Amino acid sequence: MILDLSLHNVDLYAGLDVREHAGRLNLVTPPAEAIPVILRNLETIAIDHDEVVLTGSMAIWSYLVIFHWLHGRTRRIWYEDGRADRILVAAHG
């Protein structure tokens, strides 16, 4: 499955303050407040237990938090930035 971490993913960022400024979405909610909400939202998303591809423009802290949450829940975690081939960042089993 492809998991878009960009702010366009309304399911992932539901309940957070996301605003458009100068044509670009911005997360207004501070990370310390946003992280528990993002983790709760992840629980409602059907995650593939075989592999997940992380993609989308978002802050590094969100990638780290979501990677940590996925680790142990899926066998393979990939990263894809749209410029190069997918990069395998974790593989289990």
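Could you run through region 68-81 and say how many residues are in contact (Cβ under 8 Å) with a residue 24 or more places away in the chain, outside any helix (DSSP H, G or I) and either over 12 Å from SER6 (Cβ atoms) or among the β-branched types (Val, Ile, Thr) (or both)?
8
Identify, from the list VAL53, VAL18, VAL65, the residue that is without any contact (Cβ under 8 Å) to a residue 24 or more places away in the chain, surrounded by 11 or more Cβ atoms within 10 Å (Cβ to Cβ) and β-branched (Val, Ile, Thr).
Checking each option against the conditions leaves just VAL18.
Regarding LEU7, is this residue within 12 Å of the chain's Cα centre (by Cα) and over 20 Å from ILE87 (Cβ atoms)?
yes
I need a count of the residues in region 2-41 that are in contact with a strand residue (DSSP E or B) (Cβ under 9 Å, 6 or more places away or on another chain) and either at positive phi or outside any loop (DSSP other than H, G, I, E, B) (or both). Walk me through how you get there before you give the answer.
Quick first cut of region 2-41, residues in contact with a strand residue (DSSP E or B) (Cβ under 9 Å, 6 or more places away or on another chain) only: 2-10, 12-13, 16-20, 25-29, 34.
The next check asks that each one be either at positive phi or outside any loop (DSSP other than H, G, I, E, B) (or both); those that pass are 2-4, 18-20, 25-27, 34.
So the answer is 10.
A short reminder: the numbers here are calculations on the coordinates, not readings from a lab. Keep in mind the model is a prediction, meaning the values are calculated, not measured. No Cβ is skipped: glycine too gets one built from the backbone with ideal geometry, and neighbour counts run over all protein chains shown.
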